[in-house]
1. Can you give the calculated 222 nm mean residue ellipticity of the chain, where each DSSP H run of n ≥ 4 adds -39,500 (n - 2.57) and the sum is split over every residue, rounded to the nearest 500 deg cm²/dmol?
2. Looking at the square roots a ≥ b ≥ c of the eigenvalues of the Cα gyration tensor of region 1-102, which shape do they give, rounded for a/c under 1.5, prolate if a/b is larger than b/c, or oblate?
3. Output the pairs from LYS81/LYS260; LYS32/LYS260; LYS32/LYS214; LYS181/LYS214; LYS81/LYS181 with a Cα-Cα distance over 24 Å in this structure; if there are none, say none.
4. Sorted by packing (mean other beta-carbon atoms within 10 Å per residue), highest first, where do 226-236, 96-106 land?
5. Among HIS222, HIS208, which comes first, second and so on when ranked by fewest other beta-carbon atoms within 10 Å?
6. Please state the shape class of region 170-315: rounded when a/c is under 1.5, otherwise prolate if a/b exceeds b/c and oblate if not, all from the C-alpha gyration tensor.
7. Projected onto the charge dipole of region 24-75 (+1 at Lys/Arg Cβ, -1 at Asp/Glu Cβ, origin at the Cα centre), which of ASN71, ALA37, VAL53 gives the Cα projection farthest towards the positive end?
8. In debye to the nearest 20, how big a dipole does the chain give about its Cα centre with +1 on each Lys and Arg Cβ and -1 on each Asp and Glu Cβ?
Amino acid sequence: MRNSIEAASTVMRTDDFDLYQQTVDHSFVPLKITPDAHHRFSASMRGVDADDVAFTEVAALPQLVERTPENISRGGSGYYKVSLLLAGSSILIQDGREVVMKPGDISFYDTSQPYSLLFDEQFRNLIMMFPKSRLDFPAHVTESLTAVSLGDQHPLAHVVAEFISRASPHLHLLSGPARAKLAHSSLELLNSTLSAVFDVDAPPHDPHQALLQKITGYIEQHLGSPRLSPDAIAAAHYVSTRHLHALFRETGTTVSTWIKERRLERCRLDLVDPAFAHLGVAAVAANRGFVDAAHFSRSFRAAYGMSPTELRRAV
């Protein structure tokens, strides 16, 4: 489950619904999928991540996709999804709004709130998923991005749709820096479109905030490395360790605390994810950079009020 977006790629074609459900949960956020009983199930997925943005193309037969309160309780809040329907049709429902998705439309929805997507025919859907912090707009704009389609609201939306649909299939062929640049360009185009649609400018660019955002993305991508440290992070971003600590101090935390909290949260999500059920608690912890299993268990209990094993039993 990619509740924290990591550098990865996914390619899958299957007639096994259980495998599909697990792959969807791992690639996006926890979701409830109900296939159409009148069709034999079949689906394929292709995905790649870059610059804290996930691009995933799904092709499947009719199905209902739901983000329920129970799913939300399992993690994955704090992201926007942007759907670009490539073939078929769909109805998106969230926050009391309903949008009919047509090929070429760009539709926003929020993983922090329940939503439903009904695909009543065979479809292809390209989804971008990224942290909500990547959109630089006032709250009255960002909070309204629930079941919102930009398809007919501004000509620029069609330009963005064309760019994303043509660029995303080739991302896996590019180097890391090139992938990051294309992902960044996609987000900049979305920001420009929203600025035009809502007739509001994004706040002035803050270099400190941009650097902090880049650093936190780097941390998320390297949580599994036991060598992740303030010195290593500072060196990777060509800043002094002192400057790095100052950036995090402005947010009311420390670098080490941020790393520890993100590792614990990733472990919590992995422990309840069926895709990691075959791994023991120590292995889950080691995958996220905890080299001492006993220290991990103590830290986990202090953070969540139960041991890792108790959490698994409760799921």
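1. -12500 deg cm²/dmol, from helical runs alone.
2. Rounded shape, in that the Cα axes give a/c under 1.5.
3. LYS81/LYS260; LYS32/LYS260; LYS32/LYS214
4. Most protected by this proxy first, the peptides run 96-106, 226-236.
5. Placing the least packed residue first, the sequence is HIS208, HIS222.
6. prolate
7. About the Cα centre, the residue reaching furthest to the positive side is ALA37.
8. 1060
Where a number appears in this text, it was derived from the coordinates with a stated rule and is not lab data. Predicted model, so just to flag it, every value in this text is computed and none were measured. Don't worry about glycine lacking a Cβ; one is built from the backbone with ideal geometry, like all the others, and counts go over all protein chains shown.
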